[in-house]
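Q: The structure follows.
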Amino acid sequence: MPNIHPLSVVENGAELGENVSIGPFCHVGPDVVIGPGSELISHVTITGRTTLGNGNIVWPQAVLGGDPQDLKFQGEDSRLVIGDHNHIRESVTIHKGTNNDEGVTRIGDKNLLMATAHIGHDCKIDSNCILANSVALAGHVHIEDYASVAGLVGVHHFVTIGKYAYVGGASRLTSDVPPFMLVEGSPARVRRTNTVLLKRLNFPDEQVEQLKVAYKMLYRGSRNGQFVGHTAEILGELEQRFPDDELIGDLITSLRHSLAGVHGRYRETLRQDKVFSNPAK
């Protein structure tokens with residue numbers, strides 16, 4: 001059975017799984033579902049049509065499922081869906097989705113969201129990601145598996161941060177981050193491959209070295225890590241040189257998407273309000 005502190009409010013209609021623990025001064029709304037083994041330590045607010053999976057830990061002052069800070073939001077039915085075994089630290093805010101996307105904000109599994117991080121409407125965070133203190137994600141941001149974002153980073157709406165990437169602290173992200181790369185700065189620029197993480201996760205040395213070669217071909221000698229001419233040709237050369245390397249293939253796909261996007265943001269072309277068109281279609 002759930003363990004609910006008498007100083008908390010759990011409204012009728014909320015669904016609580018086995019061994020859910022709700023500490024003092026929490027408020028759980030009527031459309032909330034909390035999976036088995038999850039814990040709200042204290043002073044947590046969960047509202048809207050929000051679902052938490054199994055084994056999540058939510059720390060004090062977190063607010064989950066609130067209305068989007070989007071002037072286009074008109075109270076439409078939308079959701080926040082959070083997976084399993086996430087650590088959501090103090091004063092984190094996560095807003096539900098809007099009709100200008102799929103109507104849902106999604107958080108995967110085993111993520112660490114550090115204190116005062118903000119995840120805006122319609123964002124998608126995959127699994128095993130880290131968002132450090134005071135990271136601010138505008139709406140529609142997508143962060144892929146195992147990406148890490150250091151403290152005080154601001155991320156423009158519709159930006160994609162590729163898998164296994166690292167974003168240095170206090171960076172300003174206005175365009176997509178390639179997978180497997182380390183970026184930092186204001187605006188952020190590609191600095192090198194994210195070798196430390198790749199080796200920590202036991203990626204084969206050969207693949208790590210080939211990613212280093214790809215980095216040198218794409219960015220070494222360019223101006224401050226930005227693409228400088230002939231990028232499409234370089235991607236073609238990489239495709240021919242490493243035809244069977246899955247990681248190189250993922251990098252090439254990501255960069256081609258970004259090049260086809262708006263201001264380096266591929267997902268900007270997919271927005272539902274049709275502000276921009278997708279040249280790839």
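Q: Step by step: first the residues of region 43-54, then only those that are touching a residue at least 24 places away in the same chain (Cβ under 8 Å) and among the hydroxyl-bearing types (Ser, Thr, Tyr), then the one that is nearest to Leu16 (Cα to Cα). Which residue is that?
A: First, pick out the residues of region 43-54 that are touching a residue at least 24 places away in the same chain (Cβ under 8 Å): 48-54.
If we keep only those that are among the hydroxyl-bearing types (Ser, Thr, Tyr) as well, we get 50-51.
Details: Thr50: 12, Thr51: 10 Å.
Per the criteria, the residue is Thr51.
Q: Cβ-Cβ below 8 Å, separation at least six or inter-chain, first residue in region 202-215 and more than 16 Å from Arg192 (Cβ to Cβ), second of a type in the set (Asp, Glu) and at pLDDT below 95: which pairs?
A: Close Cβ pairs satisfying both conditions: none exist.
Q: Here's another thing I want to ask about it. With the condition being at pLDDT 95 or above, touching a Lys or Arg at 6+ places or on another chain (Cβ under 7 Å) and aliphatic (A, V, I, L, M), I'd like the helices (runs of 4 or more DSSP H) fully within region 179-281 carrying at least 1 qualifying residues.
A: 205-219
Q: So, one more: Please go through region 122-149 and give me each residue that is part of a loop (DSSP other than H, G, I, E, B) and either modelled with pLDDT under 95 or not small (Gly, Ala, Ser) (or both), ordered by number.
A: Passing the criteria: Asp122, Cys123, Asp126, Asn128, Cys129, Asn133, Val135, His140, Val141, Glu144, Asp145, Tyr146.
Q: Would you confirm whether or not region 115-126 contains a residue that is in contact with a Phe, Trp or Tyr (Cβ under 7 Å, 6 or more places away or on another chain) and of a type in the set (S, T, N, Q)? First the steps, then the outcome.
A: Step one: of region 115-126, the residues in contact with a Phe, Trp or Tyr (Cβ under 7 Å, 6 or more places away or on another chain) are none.
No, that holds for no residue.
Q: Just checking, which of Gln69, Gln61, Gln74 is at pLDDT below 95, surrounded by fewer than 20 Cβ atoms within 10 Å (Cβ to Cβ) and either of a type outside the set (A, V, I, L, M) or touching a His at 6+ places or on another chain (Cβ under 7 Å) (or both)?
A: On inspection, the qualifying residue turns out to be Gln74.
Q: Taking region 234-277 on its own, how many of its residues are exposed (fewer than 13 other Cβ atoms within 10 Å of the Cβ) and on the phi > 0 side of the Ramachandran plot?
A: Matching residues across region 234-277 total 1.
Q: Applying the selection to region 129-153, what residues are at negative phi and among the small types (Gly, Ala, Ser)?
A: Residues satisfying the conditions are Ala132, Ala136, Ala138, Gly139, Ala147, Ser148, Ala150, Gly151.
Q: Of all residues being of a type in the set (Val, Ile, Thr) and not in a loop (DSSP other than H, G, I, E, B) in region 42-78, which is farthest from Ser127 (Cα to Cα)? Just the residue, please.
A: Thr45
Q: Say whether the condition of being in contact with a Pro (Cβ under 7 Å, 6 or more places away or on another chain) and among the β-branched types (Val, Ile, Thr) is met by at least one residue in region 54-67.
A: Within region 54-67, not a single residue is in contact with a Pro (Cβ under 7 Å, 6 or more places away or on another chain) and among the β-branched types (Val, Ile, Thr).
The values are calculated or read from the model by the stated rules, or taken from the named source; none is laboratory data. Remember, it's a predicted structure, so these values are computed and weren't measured experimentally. Methodologically, a virtual Cβ is constructed for each residue, glycine included, from the backbone with ideal geometry; neighbour enumeration extends over all protein chains shown.
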